[in-house]
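Some notes on the structure that comes next.
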Amino acid sequence: MTTKQTKIVLIDDHKLFREGVKRILEFESSFNVVAEGEDGYGCADLVKEHNPDVVLMDINMPQLNGVQATADLVKKFPDVKIIILSIHDDESYVTHALKTGAQGYLLKEMDSEALIEAIKVVREGGSYLHPKVTHNLVKEYRRLAQDKVSGVAENPVSYYKPLHLLTSRECEVLQLLADGKSNRAVAETLYISEKTVKNHVSNILQKMNVNDRTQAVVSAIRKGWVEVKL
């Protein structure tokens, strides 16, 4: 059976970075970079011509930045799936990009595993945030939630492990995801293989009835299943 190709358009003003990303993607036989661009202007024409499954979009470009270009693409092509590539992990950048219509947000310090996983998740309709970005977002969510309830940031929160739903090991993995750990970092922390980590994450998502790790972490924060240090 032939694996369906994932068509990708790559927009970034740094040629060397584009070449590096393309080289990584070439290792995935199901990925095909069908077009490249160096600015937000013209990316709509590339999407119209090539009908990609995923657009990788740099956030900082000289004429039309990635967020503005994303807004334009979403307006013209509502079904387009966009992953923002950025050097900024600040919560305001992330929320603005997501509100504009991006399905993913990756830091350029990402490893190849995160890039490949993000494309696969977004291709299937999920969302994907870089682990460091996820951690910053949930910290801000916790701070705002505490302020809303108590008016101060010192409101004590009761944490408990959801052992009624997850195994002890899955609880450990969920906490490390909330800490902003990548699969590789989780594996190193728990002295297990990355494949085992992926299996644990898949089980967590299924048991929590969520689509991706970001949703799992946010849900766990709301329920008090993980601790997020402010």
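Note that region 162-174 has calculated 3J(HN,Hα) couplings of x, 5, 6, 10, 10, 6, 4, 5, 5, 5, 5, 4, 4 Hz, one per residue in order, obtained from phi through the Karplus relation 6.51 cos²θ - 1.76 cosθ + 1.60 (θ = phi - 60°); glycine and proline are x.
In this simple spin-label approximation, VAL34 and ARG169 carry label points 7 Å from Cα along the Cα→Cβ vector, and these lie 4.1 nm apart.
Would you compute, from DSSP H runs of 4+ residues alone, the mean residue ellipticity of the chain at 222 nm, taking -39500 (n - 2.57) per run and dividing by the full residue count, rounded to the nearest 500? All intermediate terms of the calculation are to be shown ahead of the outcome.
Working: 10 runs with 117 residues, N = 230.
Calculated at 222 nm, the ellipticity per residue is -15500 deg cm²/dmol.
Taking amide H as placed 1.01 Å from N in the peptide plane, VAL33 has its amide H under 5 Å from the amide H of ILE8, each at least 5 places away in sequence or on another chain.
Applying Stokes-Einstein at 37 °C and 0.692 mPa s to the Kirkwood radius of region 156-223, computed over alpha-carbon pairs, gives a translational diffusion coefficient of 273 µm² s⁻¹.
Would you work out the relative contact order for region 156-223, in percent, from Cα pairs under 8 angstrom that are 6 or more residues apart?
30 percent.
Across region 6-136, the mean sequence separation of Cα contacts (distance under 8 Å, 6 or more residues apart), normalised by length, yields a relative contact order of 21 percent. Surface composition of the chain: carbon plus sulfur atoms contribute 49% of the solvent-accessible area (1.4 Å probe, protein chains only, all chains present). On a per residue basis, the chain carries 53 Å² of accessible surface, using protein heavy atoms and a 1.4 Å probe. With R₀ set to 25 Å, the beta-carbon distance separating ARG23 from GLU188 gives a calculated FRET efficiency near 0.50. Here region 161-196 and region 77-141 have alpha carbon centers that stand 21 Å from each other. In order along region 106-116, the Karplus-derived 3J(HN,Hα) couplings, from 6.51 cos²θ - 1.76 cosθ + 1.60 at θ = phi - 60°, round to 10, 7, 6, 7, 4, 8, 5, 4, 5, 4, 5 Hz, and Gly and Pro are given as x. Loop sites by DSSP among the trypsin sites (Lys or Arg not before Pro) of the chain, restricted to those with at most 10 other Cβ atoms within 10 angstrom, leave 5-228 as the longest stretch without any of them.
Computing FRET efficiency as 1/(1 + (r/R0)^6) for SER112 and SER92, where r is the C-beta to C-beta distance and R0 is 41 Å, gives about 0.90. Residues in region 210-216 carry Karplus couplings, in order, of 10, 8, 8, 5, 4, 4, 4 Hz; the curve used is 6.51 cos²θ - 1.76 cosθ + 1.60 with θ = phi - 60°, and Gly or Pro positions show x. With an 8 Å cut-off on Cα pairs and a minimum separation of 6 or more residues, tell me the relative contact order of the chain in percent. Normalised by residue count, the contact order of the chain is 14 percent.
The values are calculated or read from the model by the stated rules, or taken from the named source; none is laboratory data. Source: prediction; values computed, not measured. For neighbour counting, all protein chains shown are included, and Cβ atoms are generated from backbone atoms with ideal geometry for every residue, glycine included. Keep in mind that these areas ignore ligands, DNA and RNA; they rest on the heavy atoms of the full protein, side chains included. Shrake-Rupley method; radii C 1.70, N 1.55, O 1.52, S 1.80 Å.
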